[in-house]
1. Which is away from the ligand (no atom under 16 Å from the Cβ), free of Cβ contacts under 8 Å to residues at least 12 places away in the same chain and either part of a strand (DSSP E or B) or over 18 Å from THR222 (Cα atoms) (or both), of LYS62, LYS98, LYS102, LYS117?
2. Suppose we filter region 400-432 for residues that are at pLDDT below 95 and under 22 Å from LYS286 (Cβ atoms); how many remain?
3. Taking ILE140 as the residue in question, decide whether it is surrounded by fewer than 20 Cβ atoms within 10 Å (Cβ to Cβ), touching a residue at least 60 places away in the same chain (Cβ under 8 Å) and away from the ligand (no atom under 14 Å from the Cβ).
4. Quick one: count up the residues across region 331-361 that are within 19 Å of VAL412 (Cα to Cα), among the hydroxyl-bearing types (Ser, Thr, Tyr) and in contact (Cβ under 8 Å) with a residue 60 or more places away in the chain.
5. Tell me whether region 288-302 contains one or more residues that are under 23 Å from ALA54 (Cα atoms) and in contact (Cβ under 8 Å) with a residue 60 or more places away in the chain.
6. Looking at SER360, SER427, SER354, SER388, which is the one that is closer than 16 Å to ASN277 by Cα and either surrounded by fewer than 19 Cβ atoms within 10 Å (Cβ to Cβ) or β-branched (Val, Ile, Thr) (or both)?
7. Where the second residue is away from the ligand (no atom under 12 Å from the Cβ) and part of a strand (DSSP E or B) and the first is farther than 18 Å from LEU37 by Cβ and lies in region 214-225, which pairs have Cβ atoms under 8 Å and are six or more apart or on separate chains?
8. Which one of ASP309, ASP256 is farther than 25 Å from LYS403 by Cβ and assigned to a loop (DSSP other than H, G, I, E, B)?
Amino acid sequence: MHYKTIIALLSIIIFTVNISAKIQLIKKENNDSNTTLLVIAGIHGDEPGGYFAASLLATHYKINSKNLWIIPNLNKNSILVNKRGIHGDMNRKFSVIKKNDKDKKIVDEVKKIILSKNVSLVLNLHDGHGFYRKNNQGSIFNPTAWGQTCVIDQCNLKEEQEFGNLNNIAVTVKDNVNTKLIKKHHSFNVKNTKTKYDDEAMQLSLTYFAVTNNKPAFAVETSKNLSTLSQKVFYQLLAIEEFMKIMHITFIRDFDLNAENIDRIITNYGFLTINDNIRLNLSNIKKSLSFIPLELVKDRFIFSNPLGDIKKVKGRYRVYVGGKKLTELRPQYFRISESCQNKFDVIVDGEKVSVNKASSFFVNTDFKVLKSKNTRVNIIGYQNKNHSDESNVNIELKDLNKKFSVDKNNKVYRVEFYNKNEFCFMSMVKFK
Ligand SMILES: [Zn+2]
């Protein structure tokens, strides 16, 4: 993996959790054109192929010409519980919606985004049942299946509309995807639902709302019957890249597109930064962490992964990426000190190093945080109770109680800094 490039891409965007219904819209723009591809994922909360593909698009692609807008988790409350729609099927609410419908805010807002002047083409990502075939070949391969299709509601939009020849575009996309199949039976097809005449349910859908407003729109459906999530993401990205090529959106992807690389990327959950003073690595994190110093009133949670989310339940903060609950934080509320240092010195394996606040340092055998003025150090899990301030104490892995480690391998521990009774920041010591 080209680690440096990823960091560079990531540094452009951060993903702040917004507790309100507001949609997360990530814009990757160049000033050379209004041509904009809008990718919408997660309208159905149990279709991770779509929303993980959108997440990778946000974090691992750089757009060099024209524009890409991404909504990675439209129905995020349903994604958290891995349900199609906790308030019913959101993709049947785009024609009429009741005033008191709990999805109304989101549906109204995404309609506005779809109708934005700049949006030239809309993709709605799904994982569908089976493998679509024109002829019936059993319960998985048949004409009512949705998987491995590029779905259109009709063949054309108004003649002069750019990208309005939906059928031609869909055929080109599926032909090109079909040159890169992992297995032969994964082949893509175009499914025309002929929505206006034949499909009443689809008249209520997001794509039909777009096409009736003369916005080119397609659904990309990968199959729920593919054997792994990374295969679903692979086909979603293949299809999206074909749409970008048709729209002359040029891009750089910082990994080779194959299922193995995708698997590695989607199982790296990234980091959660809290209030600029705590940074948790979410990969390999323990199921539950206690006494996490929070502020209560205005805590800010920032994920490096666009599918990151927080749900507060019974006073605890559940941390998710996509539909996966990674950990639960039990808070201890503090005032945040305004007179904290930004760095501290540590003797690591006999050598003095300077460490930034809320970052990590790596240790082979032992470390000692050097005393600095007005600061009290608390090393969570250190078992010797003789010290109220644990600076200037030499510590090895055996001095630390595994119960208090941050990671599942019991190698990472919290080093917390306080100014009297106010919290400064938490750094991590990682034993090799
Ligand atoms: Zn769906």
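The values are calculated or read from the model by the stated rules, or taken from the named source; none is laboratory data. Since this is a predicted model, take the numbers as computed values, not measurements. Ideal geometry is used to build each Cβ from the backbone, glycine not excepted, and the neighbour counts take in all protein chains shown.
1. LYS98
2. Of the residues in region 400-432, 1 are at pLDDT below 95 and under 22 Å from LYS286 (Cβ atoms).
3. Taking the combined requirement at face value, the residue satisfies it.
4. Within region 331-361, residues that are within 19 Å of VAL412 (Cα to Cα), among the hydroxyl-bearing types (Ser, Thr, Tyr) and in contact (Cβ under 8 Å) with a residue 60 or more places away in the chain number 2.
5. There is at least one residue in region 288-302 that is under 23 Å from ALA54 (Cα atoms) and in contact (Cβ under 8 Å) with a residue 60 or more places away in the chain.
6. SER360
7. As it stands, the answer is SER223/PHE131; ASN225/PHE131, since those pairs meet every condition given.
8. ASP256
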